[in-house]
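Remarks on the structure that follows.
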Amino acid sequence: MPDKRRNYYLSAHTEINPRIMNETIQFNLNGESVRVTTDSDRLLLWVLRTDLGLTGTKYGCGEGICGACTVLINDEAVRSCITSLKEVENKKVVTIEGLAHNDKPNVLQQAFMDHDALQCGYCTPGMIMNATALLKHNPHPTREQIIAGMNDNLCRCGAHKRIMEAVETAAKETGGQ
Ligand code: FES
Ligand code: FES
């Protein structure tokens, strides 16, 4: 490899790029305190999936559009594909893995299963996390409010109707909690 290209190649690699400083970032993840030492500009999605092994959070568009990567940060639905690790320092992060209790699905997860509200299932974690935030802020939404609240999460399989019904059922039962 010519020297010029080799230098460019080397500087593009984080492990050996002297301009990138590793930092230790502490946050609460699914109820437990975690500390991650890495380049804090890395995206939360990849830290969750690659460093912490939580692969329930999905990569879809990588541009904040589809909602597949949605997690809760301090009870707000946030797209982890456009959120850096340093943005969650000292905050509370919840992923799809944090919803079940004693291996039992929570009300929303159960409602998605009962309504068969998925086909391939790829959008489902993001849908459920978005619905979780929706019901936290509005425990008893109207159907119109559910549609508006879920509108920015995309489902390529077209399961929207059953997704709406699942969220509606969870809301009726317990306000989704
Ligand atoms: S992968 Fe994050 S919004 Fe699509
Ligand atoms: S169930 Fe396949 S993308 Fe939604």
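Scoring Leu118 on the criteria (1) within 16 Å of ligand 2 (Cβ to nearest atom); (2) closer than 25 Å to Val47 by Cα; (3) buried (at least 19 other Cβ atoms within 10 Å of the Cβ) leaves a single failure, condition (2). The set of residues in the range 123-144 being more than 21 Å from Gly60 (Cβ to Cβ) and surrounded by 14 or more Cβ atoms within 10 Å (Cβ to Cβ) consists of Leu135, Lys136, Asn138, Pro141. Picking from residues in the range 40-59 that are in contact (Cβ under 8 Å) with a residue 40 or more places away in the chain and more than 11 Å from the chain's Cα centre (by Cα), the one that is nearest to ligand 1 (Cβ to nearest atom) is Leu43. With respect to the conditions (1) part of a helix (DSSP H, G or I); (2) modelled with pLDDT under 95, Arg19 falls short on a single one, namely (1).
With respect to Ala117, determine if the residue is of a type in the set (A, V, I, L, M), modelled with pLDDT of 95 or more and assigned to a helix (DSSP H, G or I). Taking the combined requirement at face value, the residue does not satisfy it. Exactly one residue out of Ala166, Ala148 is surrounded by fewer than 21 Cβ atoms within 10 Å (Cβ to Cβ), assigned to a helix (DSSP H, G or I) and hydrophobic (A, V, I, L, M, F, W, C): that is Ala148.
Summed over the range 130-165, the residues that are more than 16 Å from ligand 1 (Cβ to nearest atom) and of a type in the set (Asp, Glu) give a count of 2. Checking the structure you have, find out if any residue of the range 97-108 is surrounded by 13 or more Cβ atoms within 10 Å (Cβ to Cβ) and more than 19 Å from Leu54 (Cα to Cα). Looking through the range 97-108, at least one residue is surrounded by 13 or more Cβ atoms within 10 Å (Cβ to Cβ) and more than 19 Å from Leu54 (Cα to Cα).
The values are calculated or read from the model by the stated rules, or taken from the named source; none is laboratory data. It should be emphasised that the depicted structure is a prediction, and the values quoted were computed from it without experimental measurement. FYI the Cβ positions are ideal-geometry reconstructions off the backbone, even for glycines, and counts take in every protein chain you see.
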